[in-house]
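Asker: One structure, pasted below without further comment.
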Amino acid sequence: MRYIVDWHIHSKYSRACSKRLELLVIDQWCNRKGIDIVATGDWTHPKWFKHIKENLVEDRQGIYKLKSGGKTEFMLVQEVSQIYKKNNQARRIHNLIFSPSIKTCEKVIAELNKRNFNLKSDGRPILGIDSEDLYKLLKEIDEKIIVIPSHAWTPWYAIFGSKSGFDSIEECFGSMSKYIYAIETGLSSDPVMNRRVSSLDDVILISNSDAHSLRNLGREANVFEFNQPPTYDDFINVLKNKDRDQFKYTINFYPQKGKYYLDGCANCKFSCDPKETKRLNERCPKCKRKLTLGVCNRIEELSDRQSLLSLNNNPHKTIVPLAEIISEAFGIKSVQSKKVMMEYYYLTDNIADEFTLLLDTSISEILKVSSCAKIAYAIDRMRTKKVSIESGYDGLYGSIKTLNK
């Protein structure tokens, strides 16, 4: 049985997030997207945690469902932002905390409150605590908790980020490194890029949406295969044991679409690859300020391998979100326009959920139902990777086009 899982989303209580991010609406959108299991996100926030306890009930160990009924299942996964000093350098790291139960969440919240961390200001709270020390504290609370570094390569807030990160898992997590079973690739990298760094051979690479809106749920995800409905422990064991029989592949954004793929200066609309950055002494040729070094640059710095075109230990599929395909087919810039969304709803109501439509549905069937033949043609080109790419940099998203190559 296939399970599509998105372990990193936010609630309406996180900064710059949609006010529509509530559990009942998330369930509806996950059904339309084809997401079977999704993170709750933000369970340290008192109002969101109250919402979780009021609306969810445990269906099996560590897996929750809506009390009112619903197809989507939820896991208690929370992102935290840590700002602290280590080895005489300021560090800004985001980590995902996986909790096996609401009871464990309550214990974690109590311990964080004891340390006077402000859990009310943001769904993704800022904790002034070292990553190693935090993980030790969490394991003392419940041995079943695991931590996974979020969007590992993002320049500003990530374990390997160029601005305030580390050069290895061990440097960040110290004695707790043995409990790091996975890292999250983030939107600006994919498994092939990560596997250039041999020190990551011992971890699984997962991909999640980091959704701040309903539309972005599942823009990246993980695909598992289980013979029976999985529990929290089942998922953790798959990661711990690097079980490729049950962890099948990730579904990825084109990393070039991510807003930190290349180096660049957003103010001057300038971007370049790592070789050019080096020639420029890391300075923007227009304003002379330091360039924001992107994911490609950081992977190049830490890599000890050439690009691996074939990758059996982390297979992945690359997609373009359906709404973006529809907007391009219609020649409409906004993916949120009424016409685009009407077609999106029509296709996902009358053919299949978004993931099934993008990955599995025959092109002939899409042609029969869609109001625009270009949509089917664009999906076919997406599947065969016949796309044109404009890479993102310094906080500006890139662009992936399927119809103009």
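Asker: Enter the mean projected area of the convex hull around the alpha-carbon atoms of segment 98-208, in nm², rounded to one decimal.
Answerer: Value for segment 98-208: 7.3 nm².
Asker: I want the local charge near Ser177. Using Cβ-Cβ distances under 10 Å, sum +1 for each Lys or Arg and -1 for each Asp or Glu among the other residues.
Answerer: Its environment carries a net charge of -3.
Asker: Give the residue from Ser168, His10, Cys284 lying farthest towards the positive end of the charge dipole for the chain; charges sit on Cβ (+1 for Lys and Arg, -1 for Asp and Glu) and the dipole is referred to the Cα centre.
Answerer: The residue sitting farthest along the positive end of the dipole is Cys284.
Asker: Follow-up. Sorting His10, His51 on the 10 Å Cβ count, fewest up front, what's the list? Walk me through the numbers on the way to the answer.
Answerer: On the way: His10 28, His51 20.
Fewest to most other Cβ atoms nearby, the residues stand as His51, His10.
Asker: Going through the cross-link list Lys33/Lys317; Lys114/Lys136; Lys269/Lys290; Lys19/Lys47; Lys317/Lys374, which pairs have a Cα-Cα distance over 18 Å in this structure?
Answerer: Lys317/Lys374
Asker: Please list 3J(HN,Hα) in residue order for segment 196-202, calculated via the Karplus relation 6.51 cos²θ - 1.76 cosθ + 1.60 where θ = phi - 60°; whole Hz, with x for glycine and proline.
Answerer: Here the 3J(HN,Hα) series is 6, 9, 5, 5, 8, 4, 8 Hz.
Asker: Could I ask something else about it? Sorted from largest to smallest, which semi-axis lengths in Å does the alpha carbon gyration tensor of segment 321-386 give for its equivalent ellipsoid, taking the root of 5 times each eigenvalue?
Answerer: Over the Cα atoms of segment 321-386, the semi-axes work out to 17, 13, 10 Å.
Asker: Quick one: if you stick a label point 7 Å off each Cα along the C-beta vector at Asn227 and Ser121, how many nm between them?
Answerer: With each label point 7 Å from Cα toward Cβ, the separation is 5.1 nm.
Asker: Return an integer: the convex hull volume of the alpha-carbon atoms of segment 148-233, in Å³ per residue.
Answerer: Measuring per residue, one finds 127 Å³ for the Cα hull of segment 148-233.
Asker: A follow-up question, please. Under 5 Å between amide H atoms, partner at least 5 residues away or on a different chain: which partners does Tyr249 have, H built in plane at 1.01 Å?
Answerer: Val223
Asker: Further question on the same structure: Determine the sum of side-chain charges near Asp167: Lys and Arg each +1, Asp and Glu each -1, restricted to other residues whose C-beta is under 10 angstrom from that of Asp167.
Answerer: Details: positive: Arg298; negative: Glu170, Glu171, Glu301.
Result for the local shell: -2.
Asker: Comparing Ile145, Ile236, Ile332, which has the greatest mean-square fluctuation in the GNM of the chain with Cα pairs linked when under 10 Å apart?
Answerer: Between Ile145, Ile236, Ile332, it is Ile332 that shows the largest mean-square fluctuation.
Asker: Multiply the residue gap between Arg383 and Asn87 by 0.36 nm, knock off their C-alpha separation, and tell me the result in nm, one decimal place. Display every interim value, and only then the final one.
Answerer: Numbers: separation 296, 0.36 × 296 = 106.56 nm, distance 4.57 nm.
The Arg383-Asn87 span can extend by a further 102.0 nm.
Asker: Round to a whole angstrom and tell me the spacing of the C-alpha centers of segment 140-165 and segment 228-300.
Answerer: Result: 14 Å between the Cα centres.
Asker: Could you quote the convex hull projected area for segment 164-306, Cα atoms only and averaged over all directions, in nm²?
Answerer: Mean orientational projected area (segment 164-306, Cα hull): 10.7 nm².
Asker: Starting from the amide H of Arg91, placed 1.01 Å from N in the peptide plane, find each other amide H under 5 Å away whose residue is 5 or more places distant or on another chain.
Answerer: Under 5 Å from the amide H of Arg91: Tyr84, Lys85, Lys86.
Asker: Would you please name the GluC sites (Glu not before Pro) within segment 108-161 that are DSSP coil residues with at most 12 other C-beta atoms within 10 Å of their C-beta?
Answerer: Qualifying residues, ordered by number: Glu143.
Asker: So, one more: Rg/Rh for segment 2-256 to two decimals, with Rh computed the Kirkwood way over all alpha-carbon pairs.
Answerer: On the Cα set of segment 2-256, Rg over Rh gives 0.93.
Asker: Can you work out the FRET efficiency for the pair Gln61 and Asp202, with r the C-beta to C-beta distance and R0 = 30 Å, to the nearest 0.05?
Answerer: Details: r = 27 Å, r/R0 = 0.89.
The computed FRET efficiency comes out at 0.65.
Asker: Taking a ≥ b ≥ c as the square roots of the Cα gyration tensor eigenvalues, with a/c under 1.5 meaning rounded and otherwise prolate when a/b beats b/c, else oblate, which class fits segment 268-371?
Answerer: Values: a/c = 4.35, a/b = 1.78, b/c = 2.44.
Oblate is the answer for segment 268-371, as a/c is 1.5 or above yet b/c matches or exceeds a/b.
Asker: Whose amide H sits under 5 Å from the amide H of Thr318, counting only residues 5 or more places off or on another chain, with H placed in the peptide plane?
Answerer: Long-range HN contacts for Thr318: Asn252.
Laboratory data are not the source of any read-out in this text; all were calculated from the coordinates shown. Every value quoted in this text rests on a predicted model; they were computed, and no experiment measured them. Please note: Cβ atoms are built from the backbone with ideal geometry, for glycine as well, and neighbour counts cover all protein chains shown.
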